[in-house]
Amino acid sequence: MTTENFISLIKSKGAIVMPVHDSNKINIANTYLKDIGAAMLPSFLIDLYYSCSGITFGSACIFGPVENDRGIKYPLPSIIDINKEIIGNKKLVGKTVFGRNDLFWFATDALGNCFMLDNLTLSTLRKYDDPYRAMMDCLIVGKI
């Protein structure tokens, strides 16, 4: 699957795809994540951020390089904001949280491996080799 295929598929299901922002925001996010000891953005997230700056689907979301106004009370936080809040948890060393839904958090390492994490303990529940499968699992639960 490609980024374009993924975005097209998730939009066809009713997801809201946030508009693209300045590509320099991707570099800023990557530098910040590196500075706090999180994983730098893998290629699948960089590709996604060149196509959109976040995705929401019901109660689930993929965080973007910038905060996004969703037209509701609470904006969609940036990947920087989310990781800034949870930095220091030993289970997240070398990982960057990129998405969440009501049941799970989703993280990646610098190699592009993705992980489904327990909502409370942040323990790894599942490892993905396919990042698009991880993003789809993240978003689909938001509509169940």
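Structure values in brief
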{"item": "Within region 29-58, tally of residues that are more than 17 Å from Ile82 (Cα to Cα), among the acidic types (Asp, Glu) and either open to solvent by 80 Å² or more (accessible area, probe 1.4 Å) or touching a Cys at 6+ places or on another chain (Cβ under 7 Å) (or both)", "result": "0"}
{"item": "Region 9-28 - residue that is among the aliphatic types (A, V, I, L, M) and open to solvent by 80 Å² or more (accessible area, probe 1.4 Å) and, of those, nearest to Ser78 (Cα to Cα)", "result": "Ile28"}
{"item": "Residue that is farther than 16 Å from Ala38 by Cβ, in a loop (DSSP other than H, G, I, E, B) and open to solvent by 50 Å² or more (accessible area, probe 1.4 Å), where the choices are Leu125, Leu120", "result": "Leu120"}
{"item": "Where Arg133 falls short, out of the listed (1) open to solvent by 30 Å² or more (accessible area, probe 1.4 Å); (2) touching a Pro at 6+ places or on another chain (Cβ under 7 Å)", "result": "(2)"}
{"item": "Whichever residue in region 101-116 is out of contact with any helix residue (DSSP H, G or I) (no Cβ under 8 Å at 6 or more places or on another chain) and either among the basic types (Lys, Arg) or in a loop (DSSP other than H, G, I, E, B) (or both) and, among such residues, is surrounded by the most Cβ atoms within 10 Å (Cβ to Cβ)", "result": "Asn113"}
{"item": "Residue tally, condition assigned to a helix (DSSP H, G or I), of a type in the set (A, V, I, L, M) and either at pLDDT 95 or above or within 15 Å of the chain's Cα centre (by Cα) (or both), over region 10-51", "result": "7"}
{"item": "Failed criterion for Asn89 (all others in (1) free of Cβ contacts under 8 Å to residues at least 24 places away in the same chain; (2) open to solvent by 40 Å² or more (accessible area, probe 1.4 Å); (3) of a type in the set (S, T, N, Q) hold)", "result": "(1)"}
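The values are calculated or read from the model by the stated rules, or taken from the named source; none is laboratory data. The structure displayed is predicted, hence computed values, not measured ones. Neighbour counts are summed over all protein chains in view; Cβ atoms, including those assigned to glycine, are modelled from backbone coordinates with ideal geometry. Ligands, DNA and RNA are excluded from the accessible area calculation, which covers all protein heavy atoms including side chains. Shrake-Rupley method; radii C 1.70, N 1.55, O 1.52, S 1.80 Å.
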